[in-house]
1. What nm distance separates the two modelled labels at residue 130 and residue 45, each placed 7 Å from Cα along Cα→Cβ?
2. Using only Cα atoms, tell me the angle between helix 33-42 and the longest principal axis of the chain; keep it within 0 to 90° and round to the nearest 10.
3. At 1.4 Å probe radius, can you tell me the per residue accessible area of the range 91-146 in Å²?
4. Return, ordered by residue number, the residues of the range 128-165 whose backbone nitrogen is under 16 Å from a label point located 7 Å along Cα→Cβ of residue 175.
5. For residue 37, what charge total do you get from the other residues with a beta carbon under 14 Å from its beta carbon, if Lys and Arg give +1 and Asp and Glu give -1?
6. Roughly how many nanometres apart are two label points built 7 Å out from the Cα toward the Cβ at residue 168 and residue 81?
7. Packing-wise, with mean Cβ within 10 Å as the measure, how do 57-65, 43-51, 20-28 rank, highest first?
8. In nm, to one decimal, how far is the residue 69 label point from the residue 92 one, both placed 7 Å along Cα→Cβ?
Amino acid sequence: MPMSSGGLDANTLPVTRPMWPVTAVSTLARGGLLWVLVAAALARRRGRWRRAAGRGLAAGGLAMALGHAVKAVVRRPRPPDEELPARRALPEQPTSSAFPSTHASTAAAFTVAVALTAPAAGAAVAPLAAVACYSRVRTRAHWPTDVYGGVAIGAVVGAAVARPKVVRRGMRKVRKAMAG
């Protein structure tokens, strides 16, 4: 459900058709195809960039699966804008639950895992991930909080894949702090 007009889900972006690159990125990101293509480009270089590609794909796949599992539980309706030019720009109309945006969770997981493995590659990928996330609000496929939730899930998954020891150490500290 949308929040009040001043809340995070005010959804006051334009209702007009988005520029074609926004729609193209949103369409390519469906099912993780965009990140497979980016990983293929990263994997052409040896060393850190190749490892980053593998970790990015692993993180993106896990985040997508987790996002779909959360969607099955939350069952949040999408913005009611199916007939607006912004939504009609998408070749396929989304019908699943809105929260979280799996486009955003996949983009964030891939980018965080890549950035933690090969920072220069992460810097190159981050603007594309930002466009993928923005595209979901701009095309009215998601409420802003759906995208924020997806990014949060993706960031945690990306960090867990790229730095599992650091995440485990942090979780131990959290459990210890909560216990005592």
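The values are calculated or read from the model by the stated rules, or taken from the named source; none is laboratory data. Here the structure is a predicted model, which is why all the values come from computation and not from measurement. Neighbour counts run over all protein chains shown; Cβ positions are idealised from the backbone, glycine included. With ligands, DNA and RNA removed, areas are computed over all heavy atoms of the protein, side chains included. Shrake-Rupley method; radii C 1.70, N 1.55, O 1.52, S 1.80 Å.
1. Here the modelled spin labels are 2.0 nm apart.
2. Helix 33-42 sits roughly 40 degrees off the main axis of the chain.
3. 28
4. Within reach of a label on residue 175, which here means backbone N under 16 Å from a point 7 Å along Cα→Cβ, the range 128-165 contributes 164-165.
5. +2
6. 4.4
7. Details: 57-65: 23.6, 43-51: 13.7, 20-28: 16.9.
Ranking, from highest mean packing down: 57-65, 20-28, 43-51.
8. 2.3
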